[in-house]
Amino acid sequence: MNQLPRWLFLALLSWWTVRFVSHPLDGDVVGASFLHLINLPFHEAGHIIFSPLGSFMMSLGGSLTQVLIPLICAAEFVRREDRFGTSACIWWAGQNLIDLGPYIADARALQLVLLGGFTGAQVEGHDWEAILTALGWLRYDHTLGLAAHWIGSIAMIGAIGTAAWITVQMMESPQNVGAQDPTYERATRRG
């Protein structure tokens, strides 16, 4: 099986990883990314999904859903025994944590431009200001934002390493590829 598409995909993920990891809490880099536009609908849907659970959960629900969607996808790939797909979704979850880092770190300053084009200071604040205020953790906004960034960075780097290892294993032992990647086995049965 030709592994070139996987290597190209890993090269793209690696490029994004270097770009995101090397710019901690840089809302301009994160917000300008194509991936931010993919993640944003999940974030906004989370507010609606969690709104029946009160204002705190409605605020937290956006960020929570943004990270949960890739983890739910990863769980489905685990169920299918597709380790490469699982790794890609773990990478996506890590990227979502990096995406949230500047938002969390902005809880006191409220200078990040929000979806409507205004900063949190120009409107009533934003999710993470409300979340951290309710928890009494507002003074930890930068620390928590950096923690989200670095946890996301570790997840992304680890996922790329794991996916590369899986791809190398598939190249070295093509007779076992079905055991290592059931998607290949299913594709060969169809063809």
Original post:
Quick one: which of 94-101, 21-28, 4-11 comes out on top by average Cβ neighbours within 10 Å, and what's the full order, highest first?
Top reply: 94-101, 21-28, 4-11
**OP:** Just tell me, in residue order, which DSSP H segments of the chain are both 27 angstrom or longer along the helix axis (alpha-carbon based) and at least 0.5 in mean Kyte-Doolittle hydropathy.
**Re:** 55-79, 141-172
Original post:
What does the charge add up to near Leu138, with Lys and Arg as +1, Asp and Glu as -1, over the other residues with Cβ less than 12 Å from its Cβ?
Top reply: -1
Subject >> the chain: calculated mean residue ellipticity at 222 nm from DSSP helix runs of at least 4, using -39500 (n - 2.57) >> reply: -24500 deg cm²/dmol
**OP:** Can you tell me how much longer the chain between Trp7 and Ser51 gets when fully stretched, taken as 0.36 nm per residue apart minus their C-alpha distance, in nm with one decimal?
**Re:** 11.7 nm
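What is the sum of charges, Lys and Arg at +1 and Asp and Glu at -1, for the other residues whose Cβ falls under 15 Å from the Cβ of Val123?
Here the charged neighbours net out to -4.
Please report the net charge: other residues with Cβ closer than 12 Å to the Cβ of Ala109, K and R +1, D and E -1.
It works out to a net charge of -2.
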**OP:** Give the label of the value calculated from the structure for semi-axes √(5λ) of the Cα gyration tensor in Å, choosing from (i) 36, 17, 13; (ii) 50, 19, 13; (iii) 23, 23, 17.
**Re:** (i)
**OP:** Mind giving me the nanometre distance, one decimal, between the label points for His23 and Leu35, set 7 Å out from Cα along Cα→Cβ?
**Re:** 1.2 nm
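The numbers here are math on the coordinates, done by the rules we state, and not lab data. Small disclaimer: the values here were computed from a predicted structure and weren't measured. Here Cβ is always computed from backbone atoms with ideal geometry, including for glycine, and neighbour counts include all displayed protein chains.
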